[in-house]
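Trainee: Starting off with a structure, shown below.
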Amino acid sequence: MSRLPIPFSRQVAADLLDVVAPRDCVSCAAPGRTLCAQCLAVLRSSGPVLDHRRVGCAAVAGGWLEGVLGATVRGYKAGAGRGLARPLSQVLAAAVEHLVRGEKSITGATAHSGAYRLVAIPPSLRARWTRGDDVLGRVVDLAVAALRRRGIPVERARWLEPARLVRDQRGLGARSRRLNVEGSLRVPPGIRSCARRSLGPVIIVDDVLTTGATLREAIRALAEADPEGSDTPGRIVGAAVIAATRGL
Ligand SMILES: [Zn+2]
């Protein structure tokens, strides 16, 4: 526990700074706000993109990891300010909504009785130690609230936890990423029975889609806890992420 106070203090200090001190825009560096009005407008105009190849199921991203969205995601993950969580949650909510509407058009609105369960990739233990924070979780919670206001039945389900430490994925190739995350997630034993009983459809949520290795690992972990033991449980509707890299 001796490791926690330093990064936690740094995060609190950064949040305080975000409130009391004007910051430069993470995208265009204009002084005044963490995300200036012009860049915010660009962010809001980005439309969801669909990818069928990387994850093994439908994956919808709020946009490409480039331009304003790329700068905002990178800035937020680097600790640029809590104020970026809300605009990013709107991007994620748009991706989830796209997935839900696409699914309804295929299966019909009454195919599922329960709310859509958003299962977020948990912060790795290492990330928790160095950041003292669940940065994706905050975005997911805001997205859930936004979707509910629009009448889309969603709730967050904490059905995944780290099973072991993983290396930082940055700089790793596709094969190394797959090996790095293999077996790294699990459904917590205490909620397995709850997850098994749920008839609600599941949407897996992450911040960035790169090779799809993490999302495939999440599907594997959920399948392992599935009573029917199939590789792709029918109740997984797809994956929703804030942004996806191009060209993989
Ligand atoms: Zn700007």
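Since every read-out is calculated from the coordinates, none of them should be taken as a lab result. None of these values were measured; they are calculated from a predicted model. Note that we place each Cβ from the backbone using ideal geometry, even for glycine, and neighbour counts take in every protein chain shown.
Trainee: Go through the range 146-178 and name the trypsin sites (Lys or Arg not before Pro) that are in a DSSP coil and have 16 or fewer other Cβ atoms within 10 Å of their Cβ.
Mentor: When the trypsin sites (Lys or Arg not before Pro) of the range 146-178 are filtered for loop state and at most 16 Cβ neighbours within 10 Å, Arg150, Arg158, Arg164, Arg167, Arg170 remain.
Trainee: Neighbouring Cβ atoms within 10 Å as the yardstick, rank His52, His98 fewest first.
Mentor: Least to most surrounded, the residues fall as His52, His98.
Trainee: Please give me the summed charge of the neighbours of Ala145: other residues whose Cβ is under 13 Å from its Cβ, Lys and Arg +1, Asp and Glu -1.
Mentor: With Lys, Arg at +1 and Asp, Glu at -1, the net is +4.
Trainee: If Lys and Arg each add +1 and Asp and Glu each add -1, what is the summed charge of the other residues whose beta carbon sits under 12 Å from the beta carbon of Ala71?
Mentor: Net charge in that neighbourhood comes out at 0.
Trainee: So for Ser184, Ser176, fewest C-beta neighbours within 10 Å to most, what's the order?
Mentor: So the residues, fewest neighbours to most, are Ser176, Ser184.
Trainee: Could you check the spin-label model distance between Ile191 and Arg158? Points 7 Å from the Cα along Cα→Cβ, value in nm.
Mentor: Computed distance between label sites Ile191 and Arg158 equals 0.7 nm.
Trainee: Under the 0.36 nm per residue contour assumption, what length would be gained going from the current alpha-carbon distance of Ala37 and Gln169 to full extension?
Mentor: 44.3 nm
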